[in-house]
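FYI, it's all coordinate maths here, none of it is from the lab. Since the structure is predicted, the reported quantities are computational estimates derived from the model, not experimental observations. Cβ coordinates were reconstructed from backbone atoms using ideal geometry, including for glycine residues, and neighbour counts include every protein chain displayed.
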Amino acid sequence: MADATLPIVEFLKGFCSALGLKATVDVENSPDGPRLNIGGEEAELLVRHRGEPLKALQHVVDMSFGRHGADDKRVFVDALFYRRGKDLELRHMARLLAEKVKSTRLDQQLGPLNPYERRLVHMAVAEVPGVATESIGDAFSKTVHISLRK
């Protein structure tokens, strides 16, 4: 485990303990940054209601610890690999919509999405030649517009 993630791991263990949850925290290093996965049967509480408790916990970690580790990368908090699965689904949907734009020549939209989700969509669509993305909206949650590259 990287020394920079140790305080966050301890915080997450304390958080789970304060909730009365028997949970583990595992660290996985990914290209985007460390992923801290909370495991154990009782961690299911964090993924209820479309993962809203997990999103809130991510926000608390972001505000409390900022960016840690080498290259100042973001620390990702997950529970039962819920976010990993959702991230894969979102990337897959973005690529499918990009291919649909190419075949039908009709623009597509995906959202509303938070900044992290929009980044995933922009990166996934960038892998499909001939299409472009643009975030639309002026709030925290925006829609990603996918169209043919001009």
Hey, what do the phi angles of region 75-87 turn into as Karplus ³J(HN,Hα) couplings, whole Hz, using 6.51/-1.76/1.60 and θ = phi - 60°, x for Gly and Pro? 9, 9, 9, 10, 9, 6, 6, 4, 5, 4, x, 5, 4
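Magnitude of the Cβ-charge dipole of the chain, K/R +1 and D/E -1, about the Cα centre, nearest 20 debye?
On the way: 22 positive and 21 negative charges, 132 e Å.
So the magnitude is around 640 debye.
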With a cut-off of 8 Å between alpha carbons and a minimum separation of six or more residues, what is the relative contact order of region 3-80 in percent? 33 percent
If R₀ is 25 angstrom, what is the calculated FRET efficiency for the pair ALA4 and ARG91, using the beta carbon separation as r and rounding to 0.05? 0.40
Toward the positive end of the charge dipole of the chain, about the Cα centre and with charges on Cβ (Lys, Arg +1; Asp, Glu -1), which of ASN29, VAL125, ILE146 goes farthest? ILE146
Which of [x] 45, 22, 21; [y] 20, 19, 15; [z] 33, 16, 13 gives semi-axes √(5λ) of the Cα gyration tensor in Å as computed here? It is [z]
May I ask you to derive the FRET efficiency for TYR116 and LYS13 from their Cβ-Cβ distance with R0 = 30 Å, giving the value to the nearest 0.05? 0.80
GLU44 and ASP62 label points (each 7 Å along its Cα→Cβ direction) are spaced in nm at 2.8 nm
If amide H atoms are modeled at 1.01 Å from N in the peptide plane, then the residues at a separation of 5 or more from VAL25, or on another chain, having amide H under 5 Å from its own are GLY39
Number of Lys-Lys pairs in the chain under 30 Å by Cα, sequence gap 8 or more or different chains? 20
